[in-house]
1. So for the chain, averaging the separation of alpha carbon pairs under 8 Å that are six or more residues apart and normalising by length, what relative contact order in percent results?
2. What order do you get for 26, 77 when you list them from fewest to most C-beta neighbours inside 10 Å?
3. Between 83, 157, 31, which gets the highest mean-square fluctuation from a Gaussian network model of the chain, Cα cutoff 10 Å?
4. When a/c reaches 1.5 or more, the comparison of a/b and b/c decides; with that in mind, is the range 7-185 rounded, prolate or oblate per its Cα gyration tensor?
5. Could you check the simple spin-label distance between residue 2 and residue 25, using points 7 Å along Cα→Cβ, in nm with one decimal?
6. Rounded, prolate or oblate, given the Cα gyration tensor of the range 1-104, with a/c below 1.5 counting as rounded?
7. Go ahead and run the numbers for FRET between residue 89 and residue 32, Cβ-Cβ distance against an R0 of 22 Å, rounding to 0.05.
């Protein structure tokens, strides 16, 4: 009997692409003065299974820290995307607005069921609200998960049900600065 390869291996080269990330579409000219990192994984390194999505890990959002917010920041926008999915657009793993006084989020704080004062969680891809950890197709190779933070000059007057398209339209012309960090995850 012939053993067929996993479907992920067959479409390994099909990727949405980094150019489709919020990083390059919301305000590609915005200064990159925000410094962002996670104590849970090094930039560009593997994201631990604790933070991987259901079926691949425990789906606990990683801790994030940042600095370098410009004066006049009135709200923060956090977008987590996977540009390596075999789809036309990156998958949105988190979309959230945060109070500008924050300089971090604790581990698990971006999960829907968490106490998250000063955080408005929006629907991401597949209508998931709150953090949805990495869960790439098996054998598709490593996927990058890009944590992008945008400093806004005004709070966005949107309901929590607003999706990225509405958030992006409302944020147009309001982005003062941006920063990002990223990690990888792979399912063999």
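Every number in this text was worked out from the coordinates using simple rules, so none of it is lab data. All values derive from a computational prediction rather than experimental measurement. Every residue, glycine among them, receives a Cβ derived from its backbone with ideal geometry; neighbour counts consider all protein chains shown.
1. 30
2. 26, 77
3. 157
4. prolate
5. Result: 3.8 nm between the two label points.
6. In terms of gyration-tensor shape, prolate.
7. 0.45
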